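Scroll down for the structure; my scribbles are underneath it.
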Amino acid sequence: MTELSQSIPLKKLPVLATIREALMVSWQHRAILFRWIIGCTLFDGAFCYLQEYIVVEYVWANKDWNSLTGRIFFFILSAFPTLMISALFSVFCHRLVLANGKGKSSSRIAFGKREWRFFGWNLTLCLAAIFIVLLAILVRYLSLEMLENLKENYGGLVLIKTFLDNYSLNILFYGGFSYLLAPYCLVLPATAVDLKPSLAWSSEITKGNELRLAILFGGLPLIFGFLYCSPSLLTWLEIDQMLIVKHVFRPFLVYLVTPIIVIVLSIAFRELTNWTPSSSHSEKASIA
């Protein structure tokens, strides 16, 4: 793999133009992307159904599995197949932009070194996101406890407490997750084209674009998540617990928007590193 550079001239990433181009690329490759979406949906839906069946029939009924340790282990074990198929699809989408569409002919439904490296970086960012969620929960809990003790003397704080009850966790999670992790997100597209990224390199390359990347890296999933996350449009329509919605429609929506989110990162990588499909590396630099 080729080493990457930190000496790229600083530039501002155009947010709207990046989203617009991602939509155009997704539409241009709609036929092959739709086949991937259907395949991933069927795999994910079948796996989630099997997982739910195992949980109901065996995990909840088994004293060992029903312990906290058992639940954590089962959650980790059950998350791996979904993360793997997501990594495979994401690598394909990145290569549509960064490998000049060569991924269309060379893509295979199997894991190689490239996919495992991508999976590793993806898992690293997911674990970091989980840590941020736990930190957000702790901050929210401490804030509510403090306000609970003060509200008897300051009646106006009731409004603040209500706001924290309803919105603080989302703000802390999405805002914190997006802004803290966005500078490191370029390790994903770099890995998809067989480069050797590092978190330090990604942080250096994205300097001055942290907020823009936060909007793209966290804002887009938040907006699209209105369709399928919980609570979401499906929850408000009171159909989120229907079998076909949980195991077919929801995964379909997830994978339907995946190419747009992934291609946005590919374009950001291309623009911030001056990458071209024919280049073997970003312009001249070495990582520390």
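Considering region 181-206 alone, what residues qualify as being of a type in the set (G, A, S), within 16 Å of L13 (Cβ to Cβ) and either surrounded by fewer than 19 Cβ atoms within 10 Å (Cβ to Cβ) or in contact (Cβ under 8 Å) with a residue 40 or more places away in the chain (or both)?
Selection gives A190, S203.
Take the residues in region 3-59 that are modelled with pLDDT of 70 or more, closer than 27 Å to L211 by Cα and among the polar types (S, T, N, Q), then tell me which one is surrounded by the most Cβ atoms within 10 Å (Cβ to Cβ).
T18
Can you tell me which residues in region 60-82 are modelled with pLDDT under 60 and surrounded by 16 or more Cβ atoms within 10 Å (Cβ to Cβ)?
W65
Based on what the data block shows, is R114 more than 17 Å from the chain's Cα centre (by Cα), basic (K, R), farther than 26 Å from H247 by Cβ and modelled with pLDDT under 85?
Judged against the criteria, R114 is not a match.
The values are calculated or read from the model by the stated rules, or taken from the named source; none is laboratory data. As the structure is a prediction and not an experimental result, all values here were calculated from the model. A quick note on method: Cβ atoms are made from the backbone with ideal geometry, for glycine too, and the neighbour counts reach across all protein chains shown.
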